[in-house]
Amino acid sequence: MIRKAMGAAAGLLLAVQLTPNAAMADSVKPIYQGITEELFQTYVVGMGLEELGYEVEEPTVAQMQASFVAVANGDASYYPALWWPLHKTFWEQQGGDDAWQRAGTLVRNSLQGYLIDKATADAHGITSLDQLQDPEIAALFDIDGNGMADLYGCETGWGCERVIEHQLDAYELRDTVQHRQGGYFAIIPDAVERINNGQSTLYYTWTPLWLSGVLRPGHEVIWLTVPFTSLPDGRTEEDSTTVEGLGNLGFAVNTQHVIANTDWLEANPVARKWFELLEIPIGDINAQNMLVNEGEKSDDDVRQHARDWIAANQAQWDSWIAEAGTAQ
């Protein structure tokens, strides 16, 4: 399995003290947060750079915010999956465009939100998160016997946990809902098992991800709406949280971007142009994630998924490569 030991994150904290000329290094230094579901994009981006003549190193693993620091400092060349506007606060904290930039839009229409099993939703008429203010409704999702709903939530440091914590207050759910946190991919299989066993379950997720292919909205589960939009950091007009056909999910519809150090981008116009051109349809990432969930999760497997995606989109790929290669 390609997930490398998270001890590598500690190594990164040393790596961010590398030479100040790292932004001008000859080789490209990808970084990602060590989850297999993000490695596909990392490889696709890197394979394009290789075709354009760059030497691309094996991706370094670090926790998300450490990855952001490394890119902003120039000790990593790119990170493949910054969510906007979810990670806007992190962006500002690390110096904004002066230090690191979003180049192009790699993935569009990434959703986030809260879901419950459809059986419980249908049996009790649950459609909105604020219905869990009712202790009797919340108790349906109690796992540990304390009477509160257990929400399988967001991993600390990802940004989504800040939204969830804010909304527990905004929707007056502190007394009836508790946010279960941990490694997301360590806790979410328990939610899948509970639903498969017919047990009432409340969880947070996002797309693209294999989970929505296993627990399918409209089939095994439903999205919950929220009564009104409330986001941390005073975010309002820039964030559309309403999705056609689903209602207000409470989270902004995000785009995902390759981020790179500003100095490195200025020194590498071909790479900048490549980042600006490359786009992967969200459905293709969902399909690749399902292969991971079905067991194709080794480094070699994910590399092959990237090669297969390139081959399936060869004409468009070649056009992007040709255009990027002329950038000055």
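A few remarks follow.
- DSSP beta bridge pairing in the chain, given as percent antiparallel to the nearest 5: 60 percent
- Listed by chain and number, the aspartates and glutamates whose C-alpha is less than 20 Å from the C-alpha of residue 118, apart from same-chain residues fewer than 8 away, are 130, 134, 136, 142, 150, 190, 193, 220, 244.
- Dividing the Cα radius of gyration of region 42-157 by its Kirkwood radius returns 1.15 for Rg/Rh.
- Taking the Cα centre of region 112-248 as reference, the dipole from Cβ charges on Lys and Arg (+1) and Asp and Glu (-1) amounts to some 340 debye.
- Inverse of mean 1/r across different Cα pairs in region 112-248, Kirkwood, Å: 15.1 Å
- For region 256-328, projected area of the alpha-carbon convex hull averaged over all directions, nm²: 5.7 nm²
- Sparse-neighbour loop sites [GluC sites (Glu not before Pro); region 289-328; at most 11 other C-beta within 10 Å; DSSP]: 294
- Taking amide H as placed 1.01 Å from N in the peptide plane, the amide H of residue 128 sits under 5 Å from that of 225, each at least 5 places away or on another chain.
- Equivalent-ellipsoid semi-axes of the chain, from the Cα gyration tensor, Å, largest first: 36, 21, 18
- For region 144-213, the square roots a ≥ b ≥ c of the C-alpha gyration tensor eigenvalues yield an a/c of 1.5 or more together with a/b not exceeding b/c, which makes the shape oblate.
- Inter-probe distance in nm under a simple model that places probes 7 Å from Cα toward Cβ, at residue 124 and residue 174: 2.3 nm
Only the coordinates and a few stated rules stand behind these numbers; no lab work does. The structure presented is a predicted model; accordingly, all values stated were derived computationally and were not measured. Note that each Cβ is placed from the backbone with ideal geometry, even for glycine, and that neighbours are counted across all protein chains shown.
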